[in-house]
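The values are calculated or read from the model by the stated rules, or taken from the named source; none is laboratory data. Everything numeric in this text was worked out from a predicted model, so none of it was measured. As a convention, Cβ positions derive from the backbone with ideal geometry for all residues, glycine included, and neighbour counts pool all protein chains shown. Remember, those area values only see protein heavy atoms, side chains included, never the ligands or the DNA or RNA. Shrake-Rupley method; radii C 1.70, N 1.55, O 1.52, S 1.80 Å.
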Amino acid sequence: MTLALPVLIVGLSLTPAPAELPISAIGDLLVQQPVAQDPPQNQVQVPDKNEKKADDPQNKPPDKAEEKKPPTPAHTGVHALLFGLKEDVQHLPSRPNLYLTLLGGGLALAAHPADATFNNRLISHYDVVNTAFRPGKIVGQTPVQMGLALATYAYGRATDAPKVSHFGMDLLRAQIVAEGITEALKFSTHRERPNHSNHQSFPSGHASITFASATVIERHLGWKYSVLGYVIASYVAASRLHDNRHYLSDVIFGSAVGAIAGRTVTEHGRDVWSFTPTAVPGGGIAVLATRTVR
């Protein structure tokens, strides 16, 4: 270190000083603009990582249809199913469900005078009509509906498809809630069936469980895909009238029970329909439908 420092000093002293530039030359250097050179043709342009392409999926706005669907939970196992049922029972007492109950009860009460004669209009002596309504009894049975929901749930779990298993889980939960409400009302009202077979007429279990399934389909897949579900549910309800197993008021209120169960299970606060009965001048009653998007 002590020897290198004198050598460095001597070397710097022997180096010739740079030639001085005229002042005009210095001005020309300051004014002179650098000439942009084209990059070589064989040079590869590296894209900027911070720049996002226009067609990047992350840049696309969120799909509004997807936002309305119930969000897929992190877990869809048996424990989540049982825990979800507990929450469903806790959320049954709500204002939207009260409105649906009042709407279904009001419509059932309005249809009550026609209970005695309505079924006679559907009874047919044609084998084609009787054969057409016959599958409704099977389609609306609780084991059939829950079996289809359980198959959907099991398929989603086996194939590691959370959306499918979530869909099947919500179907099961809605059907269990609808069946629980229906059976409680059947044994409390003790209404005799029109064919006098037993005293479990009100409300219709076939109508409640099929409308619960249709409501879940609407919430998960949208109105376009739920049309078939509601058509099948209406067909099942009509078949119960044709078979003289229920009164008209039974299937109307059963449909409301199914809608309440499906709404309770799948409602997550983004798209809420509320039905409010209100008095109108002249002694009438109107039902206001309100859609709330949050």
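Yes/no matrix, rows are residues, columns are (1) at pLDDT 90 or above; (2) among the polar types (S, T, N, Q); (3) in contact with a strand residue (DSSP E or B) (Cβ under 8 Å, 6 or more places away or on another chain):
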residue	(1), (2), (3)
A65	no, no, no
K68	no, no, yes
H75	no, no, no
L85	no, no, no
L92	yes, no, no
R95	yes, no, yes
A116	no, no, no
S124	no, yes, no
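Out of (1) surrounded by 13 or more Cβ atoms within 10 Å (Cβ to Cβ); (2) under 24 Å from L248 (Cα atoms); (3) in contact (Cβ under 8 Å) with a residue 40 or more places away in the chain, the odd one out for R157 is which?
The single condition R157 does not satisfy is (2).
Going by the conditions given, is R134 assigned to a helix (DSSP H, G or I), under 23 Å from A108 (Cβ atoms), of a type outside the set (S, T, N, Q) and open to solvent by 50 Å² or more (accessible area, probe 1.4 Å)?
Judged against the criteria, R134 is not a match.
Output yes when any residue across the stretch 238-257 is surrounded by fewer than 20 Cβ atoms within 10 Å (Cβ to Cβ), closer than 21 Å to R173 by Cα and of a type in the set (A, V, I, L, M), and no when none is.
No: zero hits.
Is it the case that some residue within the stretch 192-208 is at negative phi, open to solvent by less than 30 Å² (accessible area, probe 1.4 Å) and under 19 Å from the mean Cα position of the chain (by Cα)?
There is no residue in the stretch 192-208 that is at negative phi, open to solvent by less than 30 Å² (accessible area, probe 1.4 Å) and under 19 Å from the mean Cα position of the chain (by Cα).
Report yes if some residue within the stretch 228-237 is modelled with pLDDT of 95 or more, of a type in the set (F, W, Y), in contact with an Asp or Glu (Cβ under 8 Å, 6 or more places away or on another chain) and not in a strand (DSSP E or B); otherwise report no.
Among the residues of the stretch 228-237, at least one is modelled with pLDDT of 95 or more, of a type in the set (F, W, Y), in contact with an Asp or Glu (Cβ under 8 Å, 6 or more places away or on another chain) and not in a strand (DSSP E or B), which makes the answer yes.
Which is part of a helix (DSSP H, G or I), more than 17 Å from S234 (Cα to Cα), touching a Gly at 6+ places or on another chain (Cβ under 8 Å) and open to solvent by less than 70 Å² (accessible area, probe 1.4 Å), of A149, A114?
Criteria check complete, one pass: A149.
Can you pull out every residue in the stretch 170-186 that is open to solvent by 20 Å² or more (accessible area, probe 1.4 Å) and either touching a strand residue (DSSP E or B) at 6+ places or on another chain (Cβ under 7 Å) or within 28 Å of T72 (Cβ to Cβ) (or both)?
Of everything in the stretch 170-186, those that are open to solvent by 20 Å² or more (accessible area, probe 1.4 Å) and either touching a strand residue (DSSP E or B) at 6+ places or on another chain (Cβ under 7 Å) or within 28 Å of T72 (Cβ to Cβ) (or both) turn out to be R173, I176, E179, G180, I181.
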